[in-house]
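Asks: Mind looking over this structure? Questions follow.
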Amino acid sequence: MGNQELRLTPNQEIILATLRFRKRYGLEVLQAIEQSGGKQIGFNSLYPNLKKLEQKGFVKSDWGDDPPEQHTGARRKYYRITGTGTQALESKQSLLERVAHWTLEPKEA
Amino acid sequence: MSGKDLKLAGKIGHWLHQFPDEWQDYQDWLRGITVSLSDLQRLYPAWQATLIFRWRLVYFLAYVSSFIVVHRLQRICINQKTITPPETMTEKTTVQSARNLFIWQRMATLLAVSALTLCGIAALTGILLAFYYEPTAIGAHYSLSKIATQISNGSLILSLHNLAGNGLISLSIVQLVVMFLGRQLQRSWFAAWVSGILLTISAMGLSWTAIVLSWDQIGFWRFKIELGLIESIPLVGSEVRTILTGGDSISSVTLQHMHMLHSYVLAIAAILLSIAHLASLIFQERNSQQTEIPLRPKKMS
């Protein structure tokens, strides 16, 4: 998979990072970001980003065992990172590493 | 208040149940909104929590609705692309349909080419007229008379400009009729249809804004009567009249407004629309040629 296909937006990166070691549901992702003091993301951009990550194949979702919500009948979905998602996250982190360690090569006289 | 809001969320959930695919995809978002209400009430004053909750619901509704519309349109397009002639249709009727389809589409394309040509003629002659035309109450009529009588080929240019403008209106209307008649045979004609309608409206607008530009008796009084009609439009009528005239009465400012609308806004819009119209018709022909029914009738050997 090319670097272009592994590209992540800042919001997608932080969402993916919350899913790295455990599967979480939407609000839990938001709480994890808020409680860890990470970059705040808006509630309204959370679910569209999760959907985009799912479409890219970076996360997979499963229905939880929780009963449907009483007013709306909506069920809870748990998201977990896939191999491609991990690869995308690592690719981003290695890019940051490379950027941090980059130095200007001295020009030959 | 929260009971009312939760009832509202329930209604949205009930409505979204009608769209199984979107419900599958987005129900956890709705659940997230509903569940987060208690947190909002804990963190914010009641009015603010209600406001945030409702905003989230509205955003959710708008977002999901847009996907519902897009998915429906995509399905319609896919269904149209995969339409094959019914088995009972004989070879003769298939060839006849293909021939009709070809004729309608080719006619629409030729009309669009003609409309674009007329637009070009109108634009070119308009630019030439603009060299001598004076958009002032005193100078308008005099400058047009001068163009018609004293400038080399001025009368020809003026006539061509009028002819192209009137021809554009006529052609656009004929085009709408052609496209309407061929609508059942043509696929993906929506863009061409919409641009055709807009082109007709802008051609009419060009003709209407030109009424007062000649600054003669007929044009002046006709414009005055039509301004009265515009003024009678409920709510916005008097505002629109004031914007068009630039004051209480028809004056040089009115002439300048009409000149600006005619020469810049509507003229550019008409050219762009006629290009878009022709492009969408060419795309339509290409799309149709890729479908199973042959468009161009084959010569019978």
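Asks: Evaluate the following for B:Asp21: is it among the acidic types (Asp, Glu) and either in contact with a Lys or Arg (Cβ under 9 Å, 6 or more places away or on another chain) or more than 10 Å from every other protein chain (Cβ to nearest Cβ) (or both)?
Replies: On the way: among the acidic types (Asp, Glu): yes; either in contact with a Lys or Arg (Cβ under 9 Å, 6 or more places away or on another chain) or more than 10 Å from every other protein chain (Cβ to nearest Cβ) (or both): yes.
In short, yes.
Asks: Let me ask something else about it. Somewhere in segment A:11-30, is a residue part of a strand (DSSP E or B) and closer than 23 Å to B:Glu22 by Cα?
Replies: Within segment A:11-30 (the criterion being part of a strand (DSSP E or B) and closer than 23 Å to B:Glu22 by Cα), the answer is yes, since at least one residue qualifies.
Asks: Let me ask something else. Given B:Leu229, B:Leu244, B:Leu235, which one is out of contact with any Pro (no Cβ under 9 Å at 6 or more places or on another chain), at pLDDT 85 or above, surrounded by fewer than 18 Cβ atoms within 10 Å (Cβ to Cβ) and of a type outside the set (Lys, Arg)?
Replies: B:Leu229
Asks: Among what's in segment A:57-67 and is at pLDDT 90 or above and not in a strand (DSSP E or B), pick the residue that is surrounded by the most Cβ atoms within 10 Å (Cβ to Cβ).
Replies: A:Phe58
Asks: Another question about this same structure. Filter segment B:225-240 for residues that are assigned to a loop (DSSP other than H, G, I, E, B) and among the small types (Gly, Ala, Ser) and give the result.
Replies: B:Ser232
Asks: Look at B:Ala164 and say whether it is in contact with a Gly (Cβ under 8 Å, 6 or more places away or on another chain) and in a helix (DSSP H, G or I).
Replies: No; evaluated as a whole, the condition is false for this residue.
Asks: Please go through segment A:53-109 and give me each residue that is of a type in the set (Lys, Arg) and farther than 23 Å from B:Asp21 by Cα, ordered by number.
Replies: To start, the set of residues in segment A:53-109 that are of a type in the set (Lys, Arg) comprises A:56, A:60, A:75-77, A:80, A:92, A:98, A:107.
The answer is A:Lys92, A:Arg98, A:Lys107.
Asks: I'd like the full set of residues that are closer than 16 Å to A:Lys51 by Cβ and surrounded by 16 or more Cβ atoms within 10 Å (Cβ to Cβ), limited to segment B:4-24.
Replies: Passing the criteria: B:Leu16, B:Phe19, B:Glu22, B:Trp23.
Asks: Output the residues belonging to segment A:1-10 that are part of a loop (DSSP other than H, G, I, E, B), of a type outside the set (A, V, I, L, M, F, W, C) and at pLDDT 85 or above.
Replies: A:Thr9
Asks: Something else: List pairs: first residue in segment B:237-263 and over 18 Å from B:Glu134 (Cα atoms), second residue of a type in the set (Phe, Trp, Tyr) anywhere in the structure, Cβ distance under 7 angstrom, at least six positions apart or on different chains.
Replies: Matching pairs, first to second residue: none at all.
Asks: Still on this structure, please answer the following. Identify, please: which residue in segment A:49-66 is basic (Lys, Arg) and within 13 Å of chain B (Cβ to nearest Cβ) and is, among those, farthest from A:Thr84 (Cα to Cα)?
Replies: By that ranking, first place goes to A:Lys51.
Asks: I'd like to know if segment A:23-35 contains one or more residues that are farther than 23 Å from B:Arg56 by Cα, surrounded by fewer than 19 Cβ atoms within 10 Å (Cβ to Cβ) and either within 14 Å of chain B (Cβ to nearest Cβ) or not hydroxyl-bearing (Ser, Thr, Tyr) (or both).
Replies: There is at least one residue in segment A:23-35 that is farther than 23 Å from B:Arg56 by Cα, surrounded by fewer than 19 Cβ atoms within 10 Å (Cβ to Cβ) and either within 14 Å of chain B (Cβ to nearest Cβ) or not hydroxyl-bearing (Ser, Thr, Tyr) (or both).
The values are calculated or read from the model by the stated rules, or taken from the named source; none is laboratory data. Bear in mind that the values here come from a model prediction, so they are computed numbers and not experimental data. Heads up, the Cβs are rebuilt from the backbone with ideal geometry, glycines too, and the neighbour counts pull from every protein chain shown.
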